[in-house]
Amino acid sequence: MKPDFSAIKLVVFDVDGVLTDGRLYYGDAGEALKCFHVRDGVGIKLLQDNGIPVVVISAKSSMPLSKRMAELGVQHFMPGCHDKWSALQKVLEKLGLAAESVAYVGDDMIDLPVMKRVGVSLTPSDGYQLVRTQSDWVLATAGGYGVAREVADLVLGSQHDLQALYEQTTKPAFERKREH
């Protein structure tokens, strides 16, 4: 049964395996490289532009990830975070929101403690098997291939006329620089 996304006021994304495909790439100098999907950027911008704050919490920290989050104007970005629940609690307190109003998207065991405490837990189609069985919703999309866009459609589509929202994406202002 599909969860009720109409009460969601905040969306939280893990990074590796959710906003990326989970594979790690290294350049000749040993630097970590990340690959992000443009559809995820559209989803994150749509959520933020329509009153749904986005939180990105990652156990890893990298320059490419920081750059991408800055480009998208993600105000609540927590890299190198191993206690995701404590980090999320601080954001909830700051914003005056309850955990029941949160949708959390994670793909592996580190995400489960948070996923069990929020309103709706989601995982990519290729999330770790145990996480898939314990999530409220398994997405049709695999990690790194537009997960944030699918989540934006689920959340915003339950609260607004999605077709009207997508008209925003056709305007030059949608591609404006967002600052966090």
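The values are calculated or read from the model by the stated rules, or taken from the named source; none is laboratory data. What you are looking at is a predicted structure, and each value in this text was computed from that prediction instead of being measured. Note that each Cβ is placed from the backbone with ideal geometry, even for glycine, and that neighbours are counted across all protein chains shown. Calculation scope for accessible area: heavy atoms of the full protein, side chains included, ligands and nucleic acids excluded. Shrake-Rupley method; radii C 1.70, N 1.55, O 1.52, S 1.80 Å.
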Item to check | Solvent exposure, largest accessible area first (probe 1.4 Å, DNA, RNA and ligands not counted), of His160, His82 | outcome: His82, His160
Next on the checklist: Let me confirm the definition first: pairs of Lys residues in the chain, 8 or more apart or on different chains, C-alpha distance under 14 Å. How many are there?
Outcome noted: 8
Item to check | Gaussian network model of the chain, Cα within-10 Å springs - most flexible of Ser125, Ser58, Ser66 | outcome: Ser66
Checklist outcome for this item: Residues whose modelled amide H sits under 5 Å from the amide H of Ser125, counting only those 5 or more places away in sequence or on another chain, are Leu139, Thr141, Ala142, Gly143
Item to check | Cα-centre dipole for the chain with unit charges at Cβ (Lys and Arg positive, Asp and Glu negative), debye to 20 | outcome: 320
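Nothing charged except the Cβ atoms of Lys and Arg (+1) and of Asp and Glu (-1): what's the magnitude of the dipole of the stretch 86-180 about its Cα centre? Round to the nearest 20 debye.
300
Evaluated at 25 °C with a viscosity of 0.890 mPa s, what Stokes-Einstein diffusion coefficient in µm²/s does the stretch 77-144 have when Rh comes from the Kirkwood expression over alpha-carbon pairs?
The diffusion coefficient I find is 200 µm²/s.
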Checklist entry - How much accessible area per residue does the stretch 1-154 have, in Å², with a 1.4 Å probe? => result 45
Next on the checklist: Can you give me the % of accessible surface on the chain that is carbon or sulfur? Probe 1.4 Å, all protein chains present, nothing else counted.
Outcome noted: 53
Item to check | For the stretch 101-170 and the stretch 1-58, distance of Cα centres in Å | outcome: 9
